[in-house]
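Presented below is the structure to which this report refers.
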Amino acid sequence: MRPLPLIRAVTLATMAVCYAVASAQSRDENWELCTNLHNDPDLRIGACTAIIQSGREATDDLAAAFNNRCAGHNDNRDYGLAIDDCDQAIKLQPRNAVAFNNRGLAYYGNGQYDRAIQDYDQAVSINSDYAAAFNNRGNAYRDKGQYDRAIQDYDQATSLDPQYAHAFNNRGLAYYAKGQYDRAIQNYDQAISLDPKYAHAFNNRGGAYSDKGQYDRAIEDYDQAISLDPKYAHAFNNRGYANFDTARFEAAANDFEQTLTIIGIRPYIVLWLHLARIRGHQEDMEEFSRNTARLDLTTWPGPVISFYLRHASAHEVTEAAKNGDEKAQREQSCEASFFLGEDALLRKQVSEAKTLLRQAHETCPNRFVQFDAAAEELKRIDR
C-alpha cells in the first residue's frame with residue numbers, strides 16, 4: 001500500500017489558527033509562553049500548568065489555560081491528557097468552540113472518529129464560521145471511509161477560508177481515495193499555489209500522478225517534497241516505488257535505503273529494498289539478513305521475508321497468506337502473488353512470473369503499490 005502522508009501532523013497544524021488567548025494576562029511571561037504557538041509544546045504545557053496551579057485566575061482565563069495545555073498535549077500526541085484538559089476547559093466555558101475542536105483532535109488522534117465528530121459538531125454549532133473545525137471533521141469522515149461526506153466539510157472549510165491550503169490538500173486526499181486522481185491533483189495544485197513550501201501536498205500530488213501512470217511527473221513532485229523536507233520518509237519511499245515501476249532499480253534502492261535510515265527498519269521497506277537491489281544486479285544478502293534479523297517473521301509479511309531468505313517455501317507463503325479475516329487474507333494473497341512473481345522473474349521462469357503477476361494485478365486493490373508494480377512488470381515482459 002502506498003503510504004499516505006502524515007495526515008495527523010497536518011491536521012494538528014490547523015490548530016494554529018484557533019487557540020484561545022487570554023487577553024487579561026497577555027503581558028505575563030507564563031501567559032506569553034502558554035499561548036505562543038511557536039514555542040516547544042513542553043514549554044507551553046509547563047507555563048499553562050503554572051497558571052492553572054496559581055489559583056489566581058478568573059474563570060475565562062483558567063479555561064484558556066486548560067485549553068492551551070490541551071493543545072500542547074495534542075502536539076505531543078498525549079491524547080488522554082489532552083482530553084482531560086479540554087474537558088476542564090469545556091466545564092468552565094460550555095460554549096468554547098475552540099476547546100471542542102481541540103478535544104475533537106485528541107479523540108481523532110486516538111482513532112475515535114465518531115467521538116471526534118461529535119466534538120466538531122459542537123464546535124461548528126457554536127461557531128458556524130469555524131473553518132478549521134469543518135476541515136478537521138472532514139478528516140474524521142475521510143478516515144471512516146465516508147469520502148463524499150468529508151468532501152462536503154472540506155468544501156465548507158474552503159468556502160469560509162479560500163486561503164486554507166490544508167483543507168485543499170485534505171480534500172485532494174478524499175478525491176484520491178475515491179480514485180478521482182484528476183480532481184485530487186486539482187486540489188493539490190491549489191494547496192501548492194497557496195503554500196509553495198507545502199511538502200505534503202507535493203508528495204500527495206506525486207501519489208496521484210503515480211496512480212495515473214505518469215511516473216516521471218510523480219518523481220518531479222517527490223523530488224520537490226524531499227527538497228523542502230530532506231527527512232520526509234514518505235516521499236523517499238514513494239519515489240522508490242515510482243523508480244521501481246520504471247525499472248530504475250538502483251535509484252529505487254537508494255530511496256528505500258534512505259527511508260530506512262530516517263524511520264528505522266520496517267518489514268515492507270526491507271522487502272522492497274531487497275527486490276530493488278537484486279533487480280538492479282546488486283548483491284545484498286548480507287544487508288538483507290542484517291536488516292531482517294530484528295523482525296518478527298511469524299506475522300505478515302514475515303513469511304515472504306523468510307521465503308527470500310530461503311527459510312520458507314512458496315507453498316508456505318501462500319498458506320500463511322490465508323491467516324486473518326477475509327479482508328486480510330485477500331490482501332495478503334495478492335501480495336504473496338506479487339512477491340512470488342518477482343522471485344519467478346529472478347529465476348527467469350517467465351510463464352510462472354506472468355501468471356503470478358497477472359494474479360496480483362487482478363486481485364490487489366488499486367491503492368496497493370503491488371497493483372501498479374505488477375502492471376508495469378507485465379508490460380516489460382510483453383515487450
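Scanning the range 27-73 for residues that are touching a Leu at 6+ places or on another chain (Cβ under 7 Å) and more than 15 Å from N96 (Cβ to Cβ) yields L33, N39, L43, R44, A47, I52, H73. Going by the structure shown, is G104 under 24 Å from the mean Cα position of the chain (by Cα), at positive phi and either among the polar types (S, T, N, Q) or at pLDDT 95 or above (or both)? It is false that G104 is under 24 Å from the mean Cα position of the chain (by Cα), at positive phi and either among the polar types (S, T, N, Q) or at pLDDT 95 or above (or both). Note on the range 117-128: among residues that are within 26 Å of the chain's Cα centre (by Cα) and of a type outside the set (A, V, I, L, M, F, W, C), the one that is farthest from D161 (Cα to Cα) is Q118.
Taking the range 146-157 as the range and being over 10 Å from A174 (Cα atoms), touching a residue at least 24 places away in the same chain (Cβ under 8 Å) and of a type outside the set (A, V, I, L, M) as the test, only Q156 passes. Scoring N110 on the criteria (1) within 28 Å of L43 (Cβ to Cβ); (2) buried (at least 19 other Cβ atoms within 10 Å of the Cβ) leaves a single failure, condition (2). Scanning the range 41-82 for residues that are crowded, with 17+ Cβ neighbours inside 10 Å, in a helix (DSSP H, G or I) and charged (D, E, K, R) turns up R44, D61, R69, D75. Taking (1) more than 16 Å from E342 (Cα to Cα); (2) without any contact (Cβ under 8 Å) to a residue 24 or more places away in the chain; (3) surrounded by 18 or more Cβ atoms within 10 Å (Cβ to Cβ); (4) of a type outside the set (G, A, S) in turn, N237 satisfies each apart from (2).
Taking residues in the range 129-145 that are closer than 19 Å to Q163 by Cβ and part of a helix (DSSP H, G or I), and partners anywhere that are modelled with pLDDT of 95 or more and among the polar types (S, T, N, Q), the pairs with Cβ atoms closer than 7 Å and at least 6 places apart or on different chains are A132/N101; A133/N101; F134/Q156; N135/N170; N136/N101; G138/N170; N139/N170. Hey, could you check the range 246-286 for residues that are within 17 Å of A344 (Cα to Cα) and among the small types (G, A, S) and say which is surrounded by the most Cβ atoms within 10 Å (Cβ to Cβ)? Only one residue fits best here, namely A276. Answer yes or no: is there a residue in the range 184-198 that is aliphatic (A, V, I, L, M) and under 24 Å from W272 (Cα atoms). Looking for residues that are aliphatic (A, V, I, L, M) and under 24 Å from W272 (Cα atoms), one finds none in the range 184-198, hence no. Screening the candidates A242, A251 for the property of being at pLDDT 95 or above and in contact with a Ser or Thr (Cβ under 6 Å, 6 or more places away or on another chain) yields one hit, A242. As an exercise: evaluate Q186 against (1) in contact with a helix residue (DSSP H, G or I) (Cβ under 8 Å, 6 or more places away or on another chain); (2) under 29 Å from N76 (Cβ atoms); (3) not charged (D, E, K, R) and give the number of the one condition it does not meet. It fails just one condition, (2). Of all the listed residues (A242, A251), the sole one being more than 20 Å from the chain's Cα centre (by Cα) and free of Cβ contacts under 8 Å to residues at least 60 places away in the same chain is A251.
Note on the range 304-383: enclosed helices (runs of 4 or more DSSP H) holding 1 or more residues that are closer than 21 Å to T292 by Cβ are 314-320, 326-346, 369-382. Residues being hydroxyl-bearing (S, T, Y) and without any contact (Cβ under 8 Å) to a residue 12 or more places away in the chain are represented in the range 289-304 by at least one member. Close Cβ contacts (under 9 Å, 6 or more residues apart or on different chains) running from residues in the range 327-353 that are more than 18 Å from R277 (Cβ to Cβ) to residues that are surrounded by fewer than 20 Cβ atoms within 10 Å (Cβ to Cβ) and basic (K, R) comprise Q329/K322; Q332/K322; S333/K322; S337/R358; A353/R347. Among the conditions (1) in contact with a Leu (Cβ under 7 Å, 6 or more places away or on another chain); (2) surrounded by fewer than 19 Cβ atoms within 10 Å (Cβ to Cβ); (3) within 17 Å of L340 (Cβ to Cβ), the only one that R310 does not satisfy is (1).
Kindly evaluate E377 against the criterion of being within 15 Å of R279 (Cβ to Cβ), touching a residue at least 40 places away in the same chain (Cβ under 8 Å) and buried (at least 19 other Cβ atoms within 10 Å of the Cβ).
No; evaluated as a whole, the condition is false for this residue.
The values are calculated or read from the model by the stated rules, or taken from the named source; none is laboratory data. Since this is a predicted model, take the numbers as computed values, not measurements. No Cβ is skipped: glycine too gets one built from the backbone with ideal geometry, and neighbour counts run over all protein chains shown.
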